[in-house]
Amino acid sequence: MSSSTLPTPREADRGSVLRPLFGLLLVLFVAMISSTVVSVALPKIIGSLNGSQTQYTWVVTATLLVATASTPIWGKLADLYNKKALVQIAIGIFLVGSLVSGFAQDAGQLIAARAFQGLGVGGLQALVQTIIAAMIPPKDRGRYNGLLGGVMALATVSGPLLGGVITETSWLGWRWCFFVGIPFAVIALGVLQRSLHLPAVRERHEVRVDYVGAALLATGVSVLLIWVSFVDSSFAWLSWQTAAMVGPSVVILAVAVWWESRVPEPVLPLSVIKQKGPALAILASLAVGMAMFGGAVFLGQYFQVSRGYNPTEAGLLMIPMMLGTLVSSTVSGQIVSRTGKLKAQIVAGTIILVAGFGVLSMLDRDTPLLIVFAGLAAVGIGVGMSMQNLVLAVQNTVALRDVGAASASITFFRSLGGTIGISVLGAVLANRVNADVTKGLAEAGVPASASSETSNLNLDALPGPIREIVEIAYGDATGHIFLLSTSIAVVGVIAALLLKPAPLRTTLDMEPTEKDEARP
C-alpha cells in the first residue's frame, strides 16, 4: 500500500473511536429503551396483572434501586478490571433480566425480575461513560455528548411508540416490550467484541476491590429507599417501622462514609466528592435526576389514565420532550467543544428545566395540549443542556485511572435522586389519588367497596361513573407531583450557579503529580 493510501493519524484515530462508540451507543440505547418501551405499557401491564399503584411505582423503582446501589461497584471495577469484559457481563445480566421480566406471571415476579435487570443497567450506566472517557479527551467529548443526547432522544421517542404498537398488537402483547431489546444487545456485543480495544489500567496482582464499602452503601441506600416508598401509605412517618428502617440505614451510611475515607480503593471516592466543583456538580445532578426521573415516569400514566389516550398515542405525545433533548444536547455539545466552557450551558439547562416543570405543575385532565407540549419541550431542553455536561464537569477533575469511580459517583447520585424522586412522588401520587377517589365516590354516593376488587389502572373494568372519578383524580395528582418536582429542581439551579468548573483539558489524562507517581 502506498503512503498516499494510508489513513492519516487523525482519520485512524477517528475510526478507532467511532467503531466502538457505535457499540457503546447501542448499549446505551438498549438500556434506555428497556424503560421507555415499558413506560407507556405499564398501565396495561399492571392492569392486566391486577396490580396496585404502589406496584406500578415499584416496577420502575426496583430497577433504579438496584442500578443505583450497584453503580459505584461497577465504576470501581472498571478502574481495576478489563472494561470490555465488564460491559459484556453487564449486557448479559441485563438480557437475563429482560427475559425473566417478559415471562412474569404477576406483579411481584415482574418487580423481582426488574430488580435483577437493574444490576445490568447499573453496569451499563457506569461503564459506557467510563469507556468513552477512556477514549476521548474532555474538550473533544462535548461533540460526542451530542451523540449521547441523540441516542437518549431516539430511545425515548421510539421506545414509547414501539411499546404502544407492541401492546396494542394482538399477536404480540405487552410481554414483547421486554423482549424487543434483545437483538440490539446481541449486535452491541458483537460490535464491542470486534472493535473495542482498551489498555489495561493496572496489573492483576494490584487489584483490590472494596467489597465491604460496596455492601455498606448498597444496604444503607436500599433500606432508606424502601422506607421512602412505603412511609405515609403502609405506615406513619412517626412509627416503629420508620425507626426500625431509618435509624439503621443512617448508621450504616455513616459507617460507610467512615470506611470509604480509610480504604485505599474506595468504591465512592471521597477525595473527589469533597472537592467543591465535583460536589456541586453531583448536587445539581442529584436534583436534576430526582426531578426528571421522578416526574417524567408518570407522564405516560397521565396521558392514558387521565386523558384516555392509548399507548401509541401516549408515546407520540411525548415527542416534544424528546426533540428538546435531542436538539439541545447536540447544540450544547458542539458549543462546549468549541469554547471549552461548561457553566453557561449547565445553568441555562437547569433554569429551563425548572420553567418546564412549572408549566407541567398546572396539569389536570382538561389542560390544553399546547400547554402540555410547551412544558414537555422545556423539560427536554433543560435535560439535554445539563445532564451530560454535569458528568463531564466531574470527569474533567480526575486522572484517567480514577475516571471509572468518578463517573460512577455522579451516575450514582443522579440515579439515587431519580430513585428517591420516583419513590417519593409515586407515594404522593398514590396517596393523593386514593384520597381524591374516596372523596369523589362519597360525593357521588357510590360505596367505596364498588371498586375495591379492581385496580384503578384497569379502566376498562371500571363502571363509567367510577372511571371518570379516577381520571380526574390522576390528572390533578399528576399536576401536584410536578409542582414538587419544580421545587426540587430549584436546588439544581442553585448548585449550577455556584459551580466553577475547571477549563476542559485536551488530553485523555491529567499531568501526573509527585503524589500520583508515588501511588502504587
Inset, instruction - Taking the residues in segment 109-127 that are open to solvent by 20 Å² or more (accessible area, probe 1.4 Å) and in contact (Cβ under 8 Å) with a residue 24 or more places away in the chain as candidates, determine which candidate is farthest from Ile46 (Cα to Cα). - result: Gln125
Inset, instruction - Look through Val66, Val60 and report the one residue that is among the aliphatic types (A, V, I, L, M) and in contact with a Gly (Cβ under 6 Å, 6 or more places away or on another chain). - result: Val66
Legend entry - Only one of Arg19, Arg10 that is part of a helix (DSSP H, G or I), open to solvent by 60 Å² or more (accessible area, probe 1.4 Å) and modelled with pLDDT of 75 or more: Arg19
Legend entry - Top-ranked residue of segment 441-475 - restricted to ones that are among the charged types (D, E, K, R) and surrounded by fewer than 16 Cβ atoms within 10 Å (Cβ to Cβ), ranked as modelled with the highest pLDDT: Glu468
Inset, instruction - Give the residues of segment 333-360 that are assigned to a loop (DSSP other than H, G, I, E, B) and open to solvent by 30 Å² or more (accessible area, probe 1.4 Å), sorted by residue number. - result: Lys341
Inset, instruction - Could you grab me the full set of residues in segment 101-127 that are more than 16 Å from the chain's Cα centre (by Cα) and under 13 Å from Gly181 (Cα atoms)? - result: Ser101, Gly102
Legend entry - Enumeration of residues in segment 489-509 that are at pLDDT 85 or above and open to solvent by 40 Å² or more (accessible area, probe 1.4 Å): Val490, Val491, Ile494, Leu497, Leu498
Inset, instruction - Would you confirm whether any residue within segment 29-38 is at pLDDT below 75, in a helix (DSSP H, G or I) and touching a Pro at 6+ places or on another chain (Cβ under 9 Å)? - result: yes
Inset, instruction - Any residue in segment 46-62 that's open to solvent by 20 Å² or more (accessible area, probe 1.4 Å): show its pairings with residues that are among the aromatic types (Phe, Trp, Tyr) at Cβ separation under 9 Å, as long as the two are six or more apart or on different chains. - result: Ser48/Trp174; Thr54/Phe230; Val60/Phe293
Legend entry - Residues of segment 242-269 classified as part of a helix (DSSP H, G or I) and surrounded by fewer than 14 Cβ atoms within 10 Å (Cβ to Cβ), total: 7
Legend entry - Matching option when the condition is touching a Leu at 6+ places or on another chain (Cβ under 8 Å) and in a helix (DSSP H, G or I), among Ala69, Ala62: Ala69
Legend entry - Given (1) in contact with a helix residue (DSSP H, G or I) (Cβ under 7 Å, 6 or more places away or on another chain); (2) at pLDDT below 85; (3) within 16 Å of Trp58 (Cα to Cα), index of the condition Lys83 fails: (3)
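The values are calculated or read from the model by the stated rules, or taken from the named source; none is laboratory data. Predicted, not measured: the structure shown is a model, and the values here were computed from it. Cβ sites come from the backbone with ideal geometry, for glycine too, and all protein chains shown count toward neighbours. These accessible areas exclude ligands, DNA and RNA; they are computed on the full protein's heavy atoms, side chains included. Shrake-Rupley method; radii C 1.70, N 1.55, O 1.52, S 1.80 Å.
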